[in-house]
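The values are calculated or read from the model by the stated rules, or taken from the named source; none is laboratory data. These numbers were taken from a predicted model, which means no experiment stands behind them. Positions of Cβ are backbone-derived with ideal geometry, glycine not excepted, and every protein chain shown enters the neighbour counts.
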Amino acid sequence: QRMKREVFVWSQTKHPNLHPLLGYRSEPKPRLISPWCRHGHLTHYLGKNPGLSRLDKLRLIFQAACGLEHLHAQNPPICHGDIKPENVLVNDFFIAALSDFGLSRVLDAFGHGSGFTTSDSVKGTYNYIAPELFIEDKPRPTLETDVYAFGGLILSVMSGKPPFWGLGRPRILARVTGAQPPKPDDHQALPISDPLWSLMHVCWNLAPEARPPMREVLKEVSAYVNSTIDLGFSPIILPTCDSFGGIFVKKNLMSGQDWVCPLSPGMMTPSFQIWILMQVSLPPIKSYF
């Protein structure tokens, strides 16, 4: 029964940054079938590629944010329920896609269960679990707990270490419920001066209602990608993510037409030469945000 519910949620999601479901079988044991990703999940991919640049890592975070924002934007919204690097796969085109919808929940307009849920209990990895899931009488994953966990995913990808690494469950529980977020001193690869710490701390706010929605998190990540790219001009990151993450270049920067260039590292040459995907015809743009 639980597998059927997961199949239902997964089958309703179609997005480049959501790992697709191909089918399922019920015998001899229930199995969900999805495409094989030879690069594995984010933790495995980052471990095998220690030389990835800051921009490479930000792209992966951006792509994962696109997938999660798409889930949250559904009507009714869908919360993932177990956001962590191990549940983000890297496909053959080096694009990150959310997977493992086993804890996903469909939410009604008031944020409560709509009668469909794949989990009524708290599961997942302690390093990414929001404080309210530890202290509520009947805890359930929400959009806000997804945002909290995504802050931890950012830290893990950028620093190479998960939140509260090296701590046992009792100490993690004490830190999380005591409003003691991860410390920069424990993540030397991401210095305290890095602006990403501000975004992560907002995601880790003890009050769920004070955390930003994923559309705002996505906007912030887009801005960080934008500020990291050094192409001699200021590109605009397309935030909608309907088909791919891209860089929009106005025609006064390139003769003749507006252009959309790929954001995925798998679609770039080693020297970061841009490959043109398509020409677009758009009116003058003041802001995409």
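Being of a type in the set (A, V, I, L, M) and surrounded by fewer than 14 Cβ atoms within 10 Å (Cβ to Cβ), is that true of even one residue in segment 46-67?
Here is the first cut: in segment 46-67, the residues of a type in the set (A, V, I, L, M) are 46, 52, 55, 58, 60-61, 64-65.
After this cut, where a residue has to be surrounded by fewer than 14 Cβ atoms within 10 Å (Cβ to Cβ) as well, the list is none.
Checked against the condition, which is being of a type in the set (A, V, I, L, M) and surrounded by fewer than 14 Cβ atoms within 10 Å (Cβ to Cβ), segment 46-67 yields no hits at all.
If you take the residues in segment 184-219 that are more than 29 Å from Glu136 (Cα to Cα) and charged (D, E, K, R), which one is surrounded by the fewest Cβ atoms within 10 Å (Cβ to Cβ)?
Step by step, filter segment 184-219, then rank; the result is Asp185.
Look at Asp242 and say whether it is closer than 26 Å to Leu71 by Cα, assigned to a loop (DSSP other than H, G, I, E, B) and modelled with pLDDT under 95.
Spelling it out, Asp242 is indeed closer than 26 Å to Leu71 by Cα, assigned to a loop (DSSP other than H, G, I, E, B) and modelled with pLDDT under 95.
What pairs come up if the first residue lies in segment 178-197 and is small (Gly, Ala, Ser), the second is in a loop (DSSP other than H, G, I, E, B) and modelled with pLDDT of 90 or more, and their beta carbons are under 6 Å apart, counting only those six or more places apart or on different chains?
Pairs found: Ala179/Leu206; Ala189/Gly160.
Yes or no: segment 150-157 includes at least one residue that is in contact (Cβ under 8 Å) with a residue 24 or more places away in the chain, aromatic (Phe, Trp, Tyr) and not in a helix (DSSP H, G or I).
Taking segment 150-157 first, the residues in contact (Cβ under 8 Å) with a residue 24 or more places away in the chain are 150-157.
Then drop every residue that is not aromatic (Phe, Trp, Tyr), which leaves 150.
Retained after the next criterion (residues that are not in a helix (DSSP H, G or I)): none.
No, that holds for no residue.
Results for (1) in contact (Cβ under 8 Å) with a residue 40 or more places away in the chain; (2) over 26 Å from Pro195 (Cβ atoms); (3) assigned to a loop (DSSP other than H, G, I, E, B); (4) touching a Lys or Arg at 6+ places or on another chain (Cβ under 6 Å), shown as yes or no for each residue.
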| site | (1), (2), (3), (4) |
| --- | --- |
| Tyr24 | no, yes, no, no |
| Pro35 | yes, yes, yes, no |
| His39 | yes, yes, yes, no |
| Thr43 | yes, no, no, no |
| Leu46 | yes, no, no, no |
| Gly51 | no, no, yes, no |
| Lys57 | yes, no, no, no |
| Gln63 | yes, no, no, no |
| Gly67 | yes, no, no, no |
